Amino acid sequence: MNSANLRLSIHYMTIEPQAAARQLELLPAGQGGLLLQQAPTGVAARVLQAMLPDFAAKILPLLTDGQNSKLIQELSLTDVAAIFRYLPGDARRHLLPFLPQGKQALCKMLLNYPEYTVGALVETDVLMLDSKMSIAEALLRLKRRNYAYLQWLYLVNASRRLEGRVGIGDLFRHPPMTLIAGIMSKPGPRLNAATELQTALALDIWQGQDTVAVINRRQEFIGVLHHHHLRNLVRRQQRADTRADAIPAELLELYGDTLVSLAELFSSSKTRESLN
């Protein structure tokens with residue numbers, strides 16, 4: 001194995017994960033999987049995230065449990081659910097426990113929504129507050145763990161229905177014992193999780209914001225939808241039709257042949273090991 005070529009390929013995947021993903025999609029899944037095994041977890045996760053979910057789902061079962069555990073922890077829950085959707089039932093049941101206990105139920109919820117609906121793309125890792133809380137209590141929750149989305153903090157009642165929202169900056173502009181209810185604003189527009197993605201993409205609500213609250217059929221708040229996720233979906237659908245976007249010629253010339261050759265080298269080495 002040429003270590004210089006390996007370093008070059010990993011550098012390519014690091015700086016151009018989308019182009020690397022498109023290139024690996026042209027290879028058999030086994031070759032792509034062998035190459036991703038050589039990359040640092042964060043790099044491999046970004047390449048998997050950029051892949052079409054159905055192709056990424058062919059790679060995960062080829063990796064070790066240790067590798068999958070690290071990758072699944074690195075990916076967002078939305079990306080995990082998108083990949084899990086294409087896994088056979090046995091493989092999905094095997095990999096699901098690699099998620100933290102609290103996220104397993106959320107992943108199942110996302111999988112219950114059809115792929116073409118808003119519910120399948122919901123970001124569930126948001127901070128929800130009770131309107132009866134003080135700012136000090138809200139800040140304590142913020143300190144306890146990291147959240148994927150913090151532009152708005154959403155206030156819900158006992159039935160998980162939206163009552164309002166608060167900008168995170170507002171928490172630092174008022175005394176700690178101020179009640180959240182006193183500084184909250186209206187919840188803003190919201191989308192039903194059953195809304196089709198193409199319909200959601202065409203709505204006027206994106207004129208003034210990049211993120212919208214999502215509710216289920218019982219009007220319960222379940223998370224937020226990011227506009228950039230919708231845009232990425234359109235690009236993915238276009239890629240699914242063509243199976244390959246145009247990769248910048250200079251990048252392909254510099255890295256592409258090395259990436260393919262190295263993947264083939266790993267595959268050949270693996271075959272020889274199995275014969276010995």
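Table for the structure above
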item: Order of LEU155, LEU8 - criterion: other Cβ atoms within 10 Å of each residue's Cβ, fewest first; result: LEU8, LEU155
item: Proximal lysines to LYS70, defined as alpha-carbon separation beneath 29 angstrom and excluding residues fewer than eight positions away on the same chain; result: LYS58, LYS103, LYS108, LYS143, LYS270
item: Rounded to 5, percent antiparallel among DSSP beta bridges of the stretch 91-200; result: 65 percent
item: Ranked by how many other beta carbons lie within 10 Å on average, peptides 210-219, 116-125 from highest; result: 116-125, 210-219
item: The stretch 162-227 - share of DSSP beta bridges that are antiparallel (%, nearest 5); result: 65 percent
item: Centroid-to-centroid separation of the stretch 193-218 and the stretch 19-68 [C-alpha atoms, Å]; result: 31 Å
item: TYR147 versus ALA91: modelled label distance in nm, points set 7 Å from Cα along the beta carbon direction; result: 3.5 nm
item: Highest to lowest packing among 53-61, 191-199, scored as the average C-beta count within 10 Å; result: 53-61, 191-199
item: Computed E for SER185/LEU140 - FRET, C-beta separation, R0 22 angstrom, nearest 0.05; result: 0.50
item: Highest-first arrangement of 31-42, 126-137, where packing means the average Cβ count within 10 Å; result: 31-42, 126-137
item: Linear extension gain, ARG7 paired with ALA105, 0.36 nm per residue minus alpha-carbon span; result: 31.4 nm
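All of the numbers you see were taken from the coordinates with simple rules; none came from a lab. In this text, all values refer to a predicted model and were calculated from it rather than measured experimentally. Glycine gets a Cβ as well: all are built from the backbone with ideal geometry, and neighbour counts include every protein chain shown.
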